[in-house]
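Presented below is the structure to which this report refers.
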Amino acid sequence: MATSDFWNPKTELLDREQLRALQLTKLQRLVAWADARSPFYKASFARAGFSPEQLKGWADIDRIPFLTRDEWMASQEAVPPFGELPVAGAESAIRLHTTSGTSGKTPLRALDTRRDWKWSSEMWSYALWGMGVRPADIAYVAFGYGSFIGFWGLHNGLEKIGALTIPGGAQTTAARVKQIMDFGCTVVASTPTYALRLAQEAEALGYDLKNSPVRTVVLSGEPAGSIPETKALIESLWGAKTYDTAGMTEVSTIFMFEPADQPGGCHIIEDHFIEQVVDPETGAELAYGEAGERVCTSFGRSIVPLIRYRTADLVVKVPSTFASNGRTWDLYEGGIIGRVDDMKLVRGTNVYPRAVEGIVRNFPVIEEFQVRISREGIRDEITLIVEPAASVTDADWARLEAALGKELADGHEGLRFLIERAPADSLPRFELKAKRLTDLRTA
C-alpha cells in the first residue's frame, strides 16, 4: 500500500462541518463492517435494538451501544484466547499486544493486521511531525519492548519519518543513559516517571544532560505528561522541550498529541478517531469544558473494531480554537487528567493522584514518592512517603516536611497528610506506568 492510503495533510485543516461529514461516513462503514463480521458486535447491536441502517446522522450516534472493558474481557474468557470481537482469526494478524492486566484478571489481547500496524505507524507520524521531529533526528526509545504496546508504534513512526531510531531494550538505566549520550541523541521517548529516572542517573554518572544534544522528550504512558509541574521539572533536568501523548492497547496506537506550539492541551487525531466525553454515571455526552469519561471510536484497527469504547480516562475536551496553530481538531485540555475511578475520598475530601503529583514536583529534591491510604480504627489516614535526594540534611528535611504538609493541606481543603521519609533508593522505580498510590482500605 502507498503512503497515501492514510495520509492526507489537508485533513487537519478541514473545517468542522467537513470533518464531521468525514467522521460520519467512516462511522457508517465501520458499524456495517462490525455488524457483518464480528460476532460480538452483531449480538451487541441486536440487544440494543440498533442496526447500521439507523445511523443516518450525528443525532443517531447514541443508538450505538457502548463497549466496556468488562464486556471485552468476558468475551475473551467465554471464547479464548481472543473472544468474539475480532472479524477474522489470528491467521489474518501479524501482531499481538496485551494490556498490563487488572486486579489479577487476564489482560486484554488485541490483534493487528499488516494494514492495522501500518496505520499505527502513520498515527505516530502525525504526532512526531507535529512536535517537530524530522528525518535528521537521532531518536532513543527508552522502552522494554515487551507485549505491552507502549512505544512500539512510536518506534515504527520514527522509522517512517526517517529518523535514526535506537531501541533501548532490556538494559539498565545507566546503560541507556550512556547510549543516549554516546550516540548524540536529539529525541528521547519514555514515560514521565522514567524521564525523571534517566535524568537522575545521568547526574549520578556525571553527564551534563542540560547541554547534551537532546532537544525533544516525547512522553506517554502516564497522565503526568501534561501536569505542568512535572513537565517543568523534566524540562529543567533535560534542557529540552517535553511533549505529551497518549495511546492505548485497545486502540492500537496514539490518539492524541501535544503539538510544537504547546497550547496547553493535546490535539485529538479526529480524522481517524471519534472521541466523545460522557457523564460516567449516565453515559450522556457532555459539553466542551466539562470533565467526564472518554469514549473512543477508532477507524484504523480493522481486525478488532473499536466502537464507542468506554476507556475510564478522565478528560476535558475543548474546541480547536483553544489552539492557534490552524489545526481544526479538538483538544483535551491538560491531556488525560487521570482515571474516572482514580479519585479517593479521604475524610470527606476528594484526593486525585494528579493533584498530589503536581504539588510534589514543586520540590525538585524529591527523588520518588508513594501515597498510602489506610484506615486506623474509624479514621482514614493518608500518608505521603517521600524519598529525598541523598544530599538532604535533617534540617533540610524538617523544612521540606513542613512545606510539603502546608501545600498538600492548602490544595486539599485542609486535609492533613502524614509525611514519612524513606531511605535513599528504597522506593520503586518505574520504566512503564508508575503505580504510586495504594489504598489499603480496599486491599
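The values are calculated or read from the model by the stated rules, or taken from the named source; none is laboratory data. Just so you know, these numbers come straight off a predicted model, no measurement behind them. Cβ sites come from the backbone with ideal geometry, for glycine too, and all protein chains shown count toward neighbours.
Annotation: of all residues in segment 141-156 being without any contact (Cβ under 8 Å) to a residue 60 or more places away in the chain and in a helix (DSSP H, G or I), the one that is farthest from residue 171 (Cα to Cα) is 156.
Among the residues of segment 72-80, is there at least one that is under 15 Å from residue 305 (Cβ atoms), surrounded by 14 or more Cβ atoms within 10 Å (Cβ to Cβ) and out of contact with any Leu (no Cβ under 8 Å at 6 or more places or on another chain)? No.
For segment 245-300, which positions are more than 30 Å from residue 158 (Cβ to Cβ), among the acidic types (Asp, Glu) and modelled with pLDDT of 95 or more? Spell out how you get there, then give the answer.
First, pick out the residues of segment 245-300 that are more than 30 Å from residue 158 (Cβ to Cβ): 276-293.
Narrowing further to those that are among the acidic types (Asp, Glu): 279, 281, 285, 290, 293.
Listed by number, the residues that qualify are 279, 285, 290, 293.
In segment 301-320, which residues are outside any strand (DSSP E or B) and modelled with pLDDT under 95? I'd like the intermediate steps shown before the answer.
Going residue by residue through segment 301-320, those that are outside any strand (DSSP E or B) are 301-305, 319-320.
Passing the criteria: 301, 302.
Close contacts from segment 350-370, counting a first residue that is over 18 Å from residue 413 (Cβ atoms) and a second that is charged (D, E, K, R), with Cβ to Cβ under 6 Å and a gap of 6+ residues or different chains, come to 361/229; 362/229; 367/387; 368/387; 370/436.
Can you name every residue in segment 196-255 that is assigned to a loop (DSSP other than H, G, I, E, B) and more than 30 Å from residue 307 (Cα to Cα)?
Restricting attention to segment 196-255, the residues satisfying the condition of being assigned to a loop (DSSP other than H, G, I, E, B) are 205-208, 212-215, 220-222, 227, 239-240, 248-253.
Result: 205, 206, 207, 208, 212, 213, 214, 215, 239, 240.
Restricting segment 168-182 to residues that are surrounded by 14 or more Cβ atoms within 10 Å (Cβ to Cβ) and touching a Phe, Trp or Tyr at 6+ places or on another chain (Cβ under 7 Å) leaves a set whose member that is nearest to residue 204 (Cα to Cα) is 177.
Is it the case that residue 388 is buried (at least 18 other Cβ atoms within 10 Å of the Cβ) and either under 26 Å from residue 198 (Cβ atoms) or among the charged types (D, E, K, R) (or both)?
On the way: buried (at least 18 other Cβ atoms within 10 Å of the Cβ): yes; either under 26 Å from residue 198 (Cβ atoms) or among the charged types (D, E, K, R) (or both): yes.
For residue 388, the condition - buried (at least 18 other Cβ atoms within 10 Å of the Cβ) and either under 26 Å from residue 198 (Cβ atoms) or among the charged types (D, E, K, R) (or both) - is met.
Working only within segment 43-60, note down all residues that are loosely packed, with under 14 Cβ neighbours inside 10 Å and not hydrophobic (A, V, I, L, M, F, W, C). Spell out how you get there, then give the answer.
First, pick out the residues of segment 43-60 that are loosely packed, with under 14 Cβ neighbours inside 10 Å: 43, 46-49, 51, 53-54, 56-59.
Correct list: 47, 49, 51, 53, 54, 56, 57.
Under 24 Å from residue 227 (Cβ atoms), out of contact with any helix residue (DSSP H, G or I) (no Cβ under 6 Å at 6 or more places or on another chain) and touching a residue at least 40 places away in the same chain (Cβ under 8 Å), is that true of residue 413? Yes; evaluated as a whole, the condition is true for this residue. The residue list 137, 182 contains one member that is out of contact with any Lys or Arg (no Cβ under 9 Å at 6 or more places or on another chain) and either modelled with pLDDT under 95 or over 28 Å from residue 337 (Cβ atoms) (or both), which is 182.
I'd like the residue in segment 157-181 that is of a type in the set (S, T, N, Q) and in a loop (DSSP other than H, G, I, E, B) and, out of all such residues, is farthest from residue 110 (Cα to Cα). So that I can check it myself, show each step before the final result.
To start, the set of residues in segment 157-181 that are of a type in the set (S, T, N, Q) comprises 165, 171-173, 179.
Within this subset, residues satisfying the condition of being in a loop (DSSP other than H, G, I, E, B) are 171-172.
Details: 171: 27, 172: 29 Å.
Across segment 157-181, the extreme among qualifying residues is 172.
Residues that are touching a His at 6+ places or on another chain (Cβ under 8 Å): which strands (runs of 3 or more DSSP E) entirely in segment 345-393 hold 2 or more of them?
Numbers: elements: 349-351, 366-376, 379-388.
Because the criterion is at least 2 residues that are touching a His at 6+ places or on another chain (Cβ under 8 Å), the strands (runs of 3 or more DSSP E) in segment 345-393 that meet it are 349-351.
Checking residue 312 against (1) of a type outside the set (S, T, N, Q); (2) closer than 30 Å to residue 90 by Cβ; (3) surrounded by 18 or more Cβ atoms within 10 Å (Cβ to Cβ): exactly one of these is not met. Which one? Unmet for residue 312, out of (1) of a type outside the set (S, T, N, Q); (2) closer than 30 Å to residue 90 by Cβ; (3) surrounded by 18 or more Cβ atoms within 10 Å (Cβ to Cβ): (3). In the set (1) at pLDDT below 90; (2) under 30 Å from residue 69 (Cα atoms), the condition left unmet by residue 371 is number (1).
Restricting attention to segment 252-272, the residues being touching a residue at least 24 places away in the same chain (Cβ under 8 Å) and out of contact with any Gly (no Cβ under 8 Å at 6 or more places or on another chain) number 6.
Can you work out which of the residues in segment 334-344 that are touching a residue at least 24 places away in the same chain (Cβ under 8 Å) and at negative phi is surrounded by the most Cβ atoms within 10 Å (Cβ to Cβ)?
Filtering segment 334-344 for residues touching a residue at least 24 places away in the same chain (Cβ under 8 Å) gives 334-342, 344.
Of the ones still in play, those that are also at negative phi are 336-337, 339-342, 344.
On the way: 336: 23, 337: 21, 339: 16, 340: 18, 341: 10, 342: 16, 344: 19.
Per the stated criteria, the residue is 336.
The requirement of being surrounded by fewer than 23 Cβ atoms within 10 Å (Cβ to Cβ) and without any contact (Cβ under 8 Å) to a residue 24 or more places away in the chain is fulfilled somewhere in segment 205-223, by at least one residue.
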